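Trainee: First, the structure itself, so that you have it in front of you.
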Amino acid sequence: MRSPLVEYVDKQTPDEAPPFEYVEQAVRERRRRKYVVSAAVAAVVVVAGIIAGIGVPRALREPVTPEPTPTVPAPTALDDGPPPQQFRIGSIRLLLRGEIAVTAVTPDPDASVLIVNVAPDEIAIEPCAPNTIVRILSQDDQSIRVAAYRYGVGPDQNEGHLCAQRSRAPTTLRIRLRSPLDGRTVYAGSTGQRVVLRP
């Protein structure tokens, strides 16, 4: 008598092997699936590499915003107080060279304007303009104190290539007062009591 295990194995085991073409077709199908999966994985890797390769240079081409540089804007004719140590005209950085002599001050027909004469610039024949400024250092009901200053291109810059506007340093400048002259005495220089205009 046959055991149940032997009967089960007989039922599960075919009497004869399947035809060879079926076996060959099954093997081909398995290989094709393996190639398709491998090709899909390779395609994903290639696409990811292309995206990464394109993305990195694009990120490198993004403009980098420079840190803001604390600079004082170019002075105007109405500026009071001490001169700035530096200011920019476009990309040109001008540094304070020092105080220069005020040779004379005359009133303008406009009662709120002074004409200030200064010493010529012996260092820079054709400097970057504007390189000379006049400042109102102090004023009250009786007097006004003015001083003149010269600037030069910073040593870290190429003056010849950066200077868009070159001209002889001015020897006469006009400065507008915040209130009419009204007979006030004008003193020249940041120190001392040198009077350049009496009422």
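The values are calculated or read from the model by the stated rules, or taken from the named source; none is laboratory data. Everything numeric here is computed off the predicted structure, so don't read it as measured data. As a convention, Cβ positions derive from the backbone with ideal geometry for all residues, glycine included, and neighbour counts pool all protein chains shown. Side chains included, ligands, DNA and RNA excluded: accessible areas come from the protein's heavy atoms. Shrake-Rupley method; radii C 1.70, N 1.55, O 1.52, S 1.80 Å.
Trainee: Heads up, I need the accessible area for Thr191: 1.4 angstrom probe, whole protein in place, Å², nearest 10.
Mentor: 110 Å²
Trainee: Provide the FRET efficiency to the nearest 0.05 for the Gln86-Thr106 pair, computing r from the beta carbons and using R0 = 35 Å.
Mentor: 0.70
Trainee: Given 0.36 nm per residue, what is the gain on full extension from Arg194 to Arg174 after removing their alpha carbon distance, in nm? Don't skip to the end; give the middle numbers.
Mentor: Numbers: separation 20, 0.36 × 20 = 7.20 nm, distance 1.94 nm.
Gain in length upon complete extension: 5.3 nm.
Trainee: Search the structure for amide H atoms under 5 Å from the amide H of Leu197, placed 1.01 Å from N in the peptide plane, and list their residues when 5 or more places away or on another chain.
Mentor: Answer set, sorted by chain and number: Val186.
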